[in-house]
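Structure first, commentary second.
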Amino acid sequence: MTADAKQLRIPPLDPNFFILDEDRANLERFQKMSERHPVNILTTGTQGCGKSTLVRQFAHIYQRPMATFQVGLLLESGQLFGQQRLKGGETYYQEFLFPKAIQTPGCVVHLEEINRSETPHALNELFSVLSEDRSIWIDELGFVEVAPQVMFFATMNEGDEFTGTEALDAALKDRFYRIHLEYLPHDVEKEVLVRKTGLDPSQTDDVLRIVNGIRNNEQLGIGVSIRHSLMIAELVALGASLREALVYSLQISKDTLESLLLAVQVETGETETTADRYILYLPYGASG
Ligand SMILES: Nc1ncnc2c1ncn2[C@@H]1O[C@H](COP(=O)(O)OP(=O)(O)O)[C@@H](O)[C@H]1O
Ligand SMILES: [Mg+2]
């Protein structure tokens, strides 16, 4: 298999991914719609709330190949399509994955952090393929036309603003349907954590009580994504204490954690923290 074929594969299914019934129904409508005309979808929500997984899941469910592009990293126009390279003293144009993806019928083209592109120029050519004519002239490639039933999914972290020129922003946003993802309700997130980490339900409740305490405390200003709660639950499932799991997952100091636990007034049921003890880092069983 060539690198391209690998990158354009149908992504695997996540058997434990939950979304709103309503979102599923509308994604089904977008799928139907895409058989008639081009459809672009913008997925928004906080970091780690399932945006990328949603796009992969969609691609799997409708058996579409998929490719992901970090739009946030683009520096100049043309960068998505290809590049002049040098070989044996000769220059040649190397075509990148993007033109191949958009010319593959039914492909899901995932544009990550569409709002964060460094320059409006880079967004300019994206704008051409997202607009109704769905084609762009590239000197080295000629007319690149978007294949039938290709779907563009852009994702954007909530709170991040568009950085392109204002007129372009508005025109870009104008071309997308929108799906907004929120944190999951306690019971659903619990189900996700139990299924994905194997943590037992009562310990999962403990994890989520603290996590939601932190989320709901605006003064703390600490965001805890579903990705984070999964990290915490996975550590606890492997025997870590809740305190340890929080420290190692959230990048907060033990001191901050103690005041945080007080602030959210959650009873962890754990005794005082143990005093720090330094040991040699050697394999278990080896005598120092
Ligand atoms: N609704 C959900 N159901 C199950 N798992 C989820 C859900 N939302 C997020 N996750 C998990 O959290 C992690 C982060 O999700 P991801 O899609 O990468 O978030 P984002 O792209 O919004 O930053 C992944 O492991 C994902 O499977
Ligand atoms: Mg993502």
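The values are calculated or read from the model by the stated rules, or taken from the named source; none is laboratory data. What you are looking at is a predicted structure, and each value in this text was computed from that prediction instead of being measured. For neighbour counting, all protein chains shown are included, and Cβ atoms are generated from backbone atoms with ideal geometry for every residue, glycine included. SASA here: full protein model, heavy atoms, side chains in, ligands and nucleic acids out. Shrake-Rupley method; radii C 1.70, N 1.55, O 1.52, S 1.80 Å.
Observations
- Screening Gln70, Gln103 for residues that are in the same structural domain as His37 (by TED's automatic domain parsing), at pLDDT below 90 and either within 16 Å of ligand 1 (Cβ to nearest atom) or in contact with an Asp or Glu (Cβ under 8 Å, 6 or more places away or on another chain) (or both) leaves exactly one candidate, Gln70.
- Within the stretch 6-27, tally of residues that are within 12 Å of ligand 1 (Cβ to nearest atom) and within 20 Å of Cys107 (Cα to Cα): 5
- Only one of the listed residues (Gly45, Gly82) is more than 16 Å from ligand 1 (Cβ to nearest atom) and outside the structural domain of Arg227 (by TED's automatic domain parsing). That residue is Gly82.
- Wholly within the stretch 1-103, strands (runs of 3 or more DSSP E) carrying at least 2 residues that are among the basic types (Lys, Arg): 82-87
- Residues of the stretch 176-201 classified as hydroxyl-bearing (Ser, Thr, Tyr) and within 16 Å of ligand 2 (Cβ to nearest atom), total: 1
- Contact annotation: residue pairs with Cβ atoms under 8 Å, 6 or more positions apart or on different chains, pairing a residue in the stretch 79-95 that is open to solvent by 70 Å² or more (accessible area, probe 1.4 Å) with a partner that is outside any strand (DSSP E or B) and not acidic (Asp, Glu), are Gln83/Phe96.
- Residue within the stretch 53-65 that is in contact with a strand residue (DSSP E or B) (Cβ under 8 Å, 6 or more places away or on another chain), closer than 15 Å to Phe152 by Cα and of a type in the set (Lys, Arg) present: yes
- Of all residues making up the stretch 223-256, the number that are among the charged types (D, E, K, R) and over 21 Å from the mean Cα position of the chain (by Cα): 4
- Failed item, numbered, when Leu238 is tested on (1) open to solvent by 80 Å² or more (accessible area, probe 1.4 Å); (2) within 12 Å of ligand 1 (Cβ to nearest atom); (3) of a type in the set (A, V, I, L, M): (2)
Each row is one residue, and each column tells you yes or no for (1) in contact (Cβ under 8 Å) with a residue 40 or more places away in the chain; (2) within 16 Å of ligand 2 (Cβ to nearest atom).
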{"site": "Glu22", "(1), (2)": "no, no"}
{"site": "Asn26", "(1), (2)": "yes, no"}
{"site": "Phe30", "(1), (2)": "yes, no"}
{"site": "His37", "(1), (2)": "no, no"}
{"site": "Gly45", "(1), (2)": "yes, yes"}
{"site": "Gly50", "(1), (2)": "yes, yes"}
{"site": "Arg56", "(1), (2)": "yes, yes"}
{"site": "Ile61", "(1), (2)": "yes, no"}
{"site": "Met66", "(1), (2)": "yes, yes"}
